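Encoded as structure tokens, the structure appears first; notes follow it.
The values are calculated or read from the model by the stated rules, or taken from the named source; none is laboratory data. Source: prediction; values computed, not measured. FYI the Cβ positions are ideal-geometry reconstructions off the backbone, even for glycines, and counts take in every protein chain you see.
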Amino acid sequence: MVELIQMEGRQAWLKRYGDGGSRALSLGALDFIAQRMGMGPLRPPPHRVGGEALDTEARRLGELAAQHVHVPQVLGRGKDSLVLSDNGRSLAGWLRDARDEEGCDRLVRLALQAIGQAHATGAYFGQPLPRNMTFDGRRIGFIDFEEDPLEVMDLAQAQARDWLMFGYGVARYYEQRPEALQALMQEAMSGETRDVNAQTHQVTGRLQRLAAVCNRLGRRARRLSHAVLVLHSATTLSVLVIGTLAIDWFSDGDLDVLRLLVG
Ligand SMILES: Nc1ncnc2c1ncn2[C@@H]1O[C@H](COP(=O)(O)OP(=O)(O)O)[C@@H](O)[C@H]1O
Ligand SMILES: [Mg+2]
């Protein structure tokens, strides 16, 4: 639970790390499928709760700050809560309010650059969705680090995961212009290592195959994101794949499609 508070005349965020709901079953299913299908970057990191989640978040915030990534400062710490400095308004809010395509592209390009720059220093995020990113009018920032992907994958896979997450997160703003998103992603990913591009390409290729199966399963399963197609072409410099296939392949790390596949 996160609450906006005032501290010494400034805005800050009180984040409590409660018990959380158990998602063990769906996360286990996703892990099984991600491993079976050779999609390492989609393996869910252990879902920590309470003090363990707090410790993970505090540790990750420290690591990222040391890598010069714009993340909140830890202003206070209790048994099951942290007080974090305000990192700016959520990128999701900015994107919702963007007046036109140009405004949207400008924000997405800044966000992609911030991800690429952080990766170049060896950083990784885990869930860089627009709601877990911030913008203060100047700098793109990142929040929400209760889970650490490096517990279940290597750095190249974790960085590939970031591109997949971000691509998925912004796909909804590019339903009418997937080629514009592809161009932006391609530009940003050109600075990535061969390994990260190969990992991203492999996952999106396999998701496309999964999408084909889902296609036969019905309407709900058919809602896979453009991100899959957009990223796949962004990582090959090959043909432009403009998919009208809408695939909702995960929300918050959970694969809807996969939940469907397993029952
Ligand atoms: N330090 C912060 N700066 C700005 N906004 C924040 C901050 N911490 C949390 N928020 C806001 O609260 C929301 C939820 O916080 P988050 O850390 O993502 O927790 P959750 O684990 O519940 O997703 C974010 O999407 C963002 O809008
Ligand atoms: Mg969040």
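What is the one condition in (1) under 21 Å from Leu207 (Cα atoms); (2) free of Cβ contacts under 8 Å to residues at least 24 places away in the same chain that Ser190 does not satisfy?
Only one criterion in (1) under 21 Å from Leu207 (Cα atoms); (2) free of Cβ contacts under 8 Å to residues at least 24 places away in the same chain is unmet by Ser190, namely (1).
Cβ contacts < 9 Å: first residue over 20 Å from Glu57 (Cβ atoms) and of a type in the set (Lys, Arg), restricted to region 1-14; second residue within 8 Å of ligand 1 (Cβ to nearest atom) and not in a strand (DSSP E or B), any location; separation 6+ or different chain. Result?
Arg10/Asp86
On the given criteria, is Gln176 within 16 Å of ligand 1 (Cβ to nearest atom), modelled with pLDDT under 95, of a type outside the set (Phe, Trp, Tyr) and in a loop (DSSP other than H, G, I, E, B)?
no
Counting only residues that are in contact with a Lys or Arg (Cβ under 9 Å, 6 or more places away or on another chain) and of a type outside the set (S, T, N, Q), how many does region 157-172 have?
2
Out of (1) more than 16 Å from ligand 1 (Cβ to nearest atom); (2) farther than 29 Å from Gly18 by Cα, the odd one out for Arg139 is which?
(1)
Out of everything in region 91-127 that is within 12 Å of ligand 1 (Cβ to nearest atom) and at pLDDT below 95, what residue ends up being nearest to Pro46 (Cα to Cα)?
Gly126
Pick out the one residue from Ala156, Ala111, Ala120 that is more than 30 Å from Gly51 (Cα to Cα), in contact (Cβ under 8 Å) with a residue 12 or more places away in the chain, out of contact with any Phe, Trp or Tyr (no Cβ under 9 Å at 6 or more places or on another chain) and of a type in the set (A, V, I, L, M).
Ala120
Given (1) in a loop (DSSP other than H, G, I, E, B); (2) over 24 Å from His201 (Cα atoms); (3) within 13 Å of ligand 1 (Cβ to nearest atom), identify the lone condition not met by Glu147.
Failed condition: (2).
For region 99-116, does any single residue satisfy the condition of being within 16 Å of ligand 2 (Cβ to nearest atom), small (Gly, Ala, Ser) and within 23 Å of Lys15 (Cα to Cα)?
Within region 99-116 (the criterion being within 16 Å of ligand 2 (Cβ to nearest atom), small (Gly, Ala, Ser) and within 23 Å of Lys15 (Cα to Cα)), the answer is no, since none of the residues qualifies.
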